[in-house]
Amino acid sequence: MRDLDGASAHPYRADDAWAQLPADWSWGDVAAVAVDVHDNVYVLNRGQYPMGPEHAIAVFAPDGSFLRSFGDGLFRFAHGIEVGPDGAVYTADAGNHVVRKFDADGNLVMTIGTVDRPAATGYRGDDYRTIQPGGAPFNRPTRCAVAPNGDLFVSDGYGNARVHHFAPDGSLLESWGEPGDGPGQFNLVHSVWAHTDGRLFICDRENSRIQVFSPAGEVLAIWTDVVRPQDLCIDVQGHVYVGELGERCGFASFMPRPLGQNRPARVSVFDLEGLVLARLGTDEPCAPGSFFSPHGVCVDSKGSL
């Protein structure tokens, strides 16, 4: 990202041959990606077969060679993933309503929430506007972020309208957020990133904005130059990478109101104050380097996206 000065072209090229899957595997619905301190890439798979429940989390070396997989048979609707500084892996399962922590060897060591027991929020399953009010953890959580002090922040999510703050041991400290489009409210809180400076960056997808909070839930800024943001990450240089779903006219996304215009999916890069530095993708989602639904985003220490 050294060339991102707001004027130069983005320094990326698509490499469709990077990931070297085992011979009998094929990609299904890839929900999220994350990197560890060694630049190994963790890919969270939702399905179809044989990827998915059998090989939910696949790990690749920086050169794309396959290393291992774990999490077999645990996930119902895999959604978000993050790797902590110590190599622990945190995942959100929007189908089973839980957040799981795996150690660096892939062993399940903590589950937050109760499997198959969603919080009572009124969510009907096809309309975000049925969420009244925001509730306890969890109803279809979307991502878990690890703060520098080890605290956990969970975006919750498809069936809730809240962010939950946990201690490292999984005990709940506080929650904030309600359904709506005002400051501090959410309409599909789709991802959360805990930055090293303490700020929390939240993808408020169906409100087409990113809300920036203090760790205590105070609104610090709202970015609106995005189209249905799905996930974001921040590199060591302070570049903010955002995957944007875009809009397809006439398509209704979990609510009766159809979207009103066509705006392509893309990945945008901002500075830490919300200034656009670069945008990736074209109007043709199947073109090399373009996107149909950039659902998960991560960047390694060398700037590879």
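When the chain is modelled as a GNM with alpha-carbon springs shorter than 10 Å, which of GLY134, GLY64, GLY177 fluctuates the most?
Among GLY134, GLY64, GLY177, the largest mean-square fluctuation in the Gaussian network model of the chain belongs to GLY64.
How much length is gained on full extension from ALA120 to ASP169, taking 0.36 nm per residue of separation minus their Cα-Cα distance?
Using 0.36 nm per residue and subtracting the Cα-Cα distance, I get 15.3 nm.
Springs between alpha-carbon pairs under 10 angstrom, Gaussian network model over the chain: which of HIS38, HIS190, HIS165 fluctuates most?
Result: HIS38 has the largest fluctuation of those listed.
What spacing in nm lies between the two simple spin-label points modelled at ASP63 and GLN237, each 7 Å away from Cα in the Cβ direction?
Between ASP63 and GLN237, the label points sit 2.5 nm apart.
Below 14 angstrom from the Cβ of VAL98, what's the summed charge of the other residues (Lys, Arg +1; Asp, Glu -1)?
Values: positive: ARG76, ARG100, LYS101, ARG117, ARG140, ARG143; negative: ASP93, ASP116, ASP156.
Local charge sum for VAL98: +3.
Taking a probe of 1.4 Å, how large is the accessible area per residue of the range 66-159, in Å²?
Normalised by residue count, the accessible surface of the range 66-159 is 38 Å².
Quick check: at a probe of 1.4 Å, how many percent of the accessible area of the range 80-149 sits on carbon and sulfur atoms?
Working: 1300 of 2770 Å².
Here it works out to 47 percent.
Distance from a point 7 Å along Cα→Cβ of ASP127 to each backbone N in the range 141-160: keep the residues under 12 Å and list them by number.
In the range 141-160, the label zone of ASP127 (backbone N under 12 Å from the point 7 Å along Cα→Cβ) covers no residue.
Between rounded, prolate and oblate, where does the range 99-241 land on the alpha carbon gyration tensor, with a ≥ b ≥ c its root eigenvalues, rounded for a/c under 1.5, else prolate if a/b exceeds b/c?
Oblate, because a/c is 1.5 or more while a/b does not exceed b/c.
Does the range 171-305 come out rounded, prolate or oblate by the C-alpha gyration tensor, with a ≥ b ≥ c the root eigenvalues, rounded set by a/c under 1.5 and, if not, prolate when a/b is larger than b/c and oblate if not?
On the way: a/c = 2.07, a/b = 1.14, b/c = 1.82.
Oblate, since a/c reaches 1.5 and b/c is not below a/b.
What residues qualify as long-range amide H neighbours of ALA136, i.e. H under 5 Å apart, gap of 5 or more or another chain, H built at 1.01 Å from N?
ALA120
Mind running the shape call on the chain? Use the C-alpha gyration tensor, a ≥ b ≥ c as the square roots of the eigenvalues: rounded below 1.5 for a/c, prolate if a/b tops b/c, oblate otherwise.
rounded
What is the magnitude of the charge dipole of the chain about its Cα centre, with +1 placed on the Cβ of each Lys and Arg, -1 on the Cβ of each Asp and Glu, and no other charges, expressed in debye to the nearest 20?
740 debye
Amide H of VAL98: which non-local residues (sequence gap of 5 or more, or other chain) have their own amide H closer than 5 Å, using H built in the peptide plane?
Result for VAL98 returns ASP93.
Taking trypsin sites (Lys or Arg not before Pro) that fall in a DSSP loop and have at most 13 other Cβ atoms within 10 Å as cut points, what is the longest piece of the chain between them?
Counting at most 13 other Cβ atoms within 10 Å as exposed, the longest clean stretch of the chain is 125-301.
What does the charge count near ASP300 come to, summing +1 for each Lys or Arg and -1 for each Asp or Glu among other residues with Cβ under 12 Å from its Cβ?
-3
If you add up the charges near ARG46, with Lys and Arg at +1 and Asp and Glu at -1, over every other residue whose beta carbon is less than 11 angstrom from its beta carbon, what do you get? Could you put the intermediate results ahead of the total?
Details: positive: ARG76; negative: ASP29, ASP93.
Charge balance near ARG46 sits at -1.
With the crude spin-label approximation of a point 7 Å out along Cα→Cβ, what separation in nm comes out for GLU54 versus ASP197?
In this crude spin-label approximation the distance works out to 4.7 nm.
If you find the alpha carbon centre of the range 212-226 and of the range 87-163, how far apart are they in angstrom?
About 20 Å separates the Cα centre of the range 212-226 from the one of the range 87-163.
The values are calculated or read from the model by the stated rules, or taken from the named source; none is laboratory data. Bear in mind the structure is a predicted one, so any value in this text is a computation, not a measurement. Virtual Cβ from ideal backbone geometry, glycine too; neighbours counted across all protein chains shown. For accessibility, only protein heavy atoms count, side chains too; no ligands or nucleic acids. Shrake-Rupley method; radii C 1.70, N 1.55, O 1.52, S 1.80 Å.
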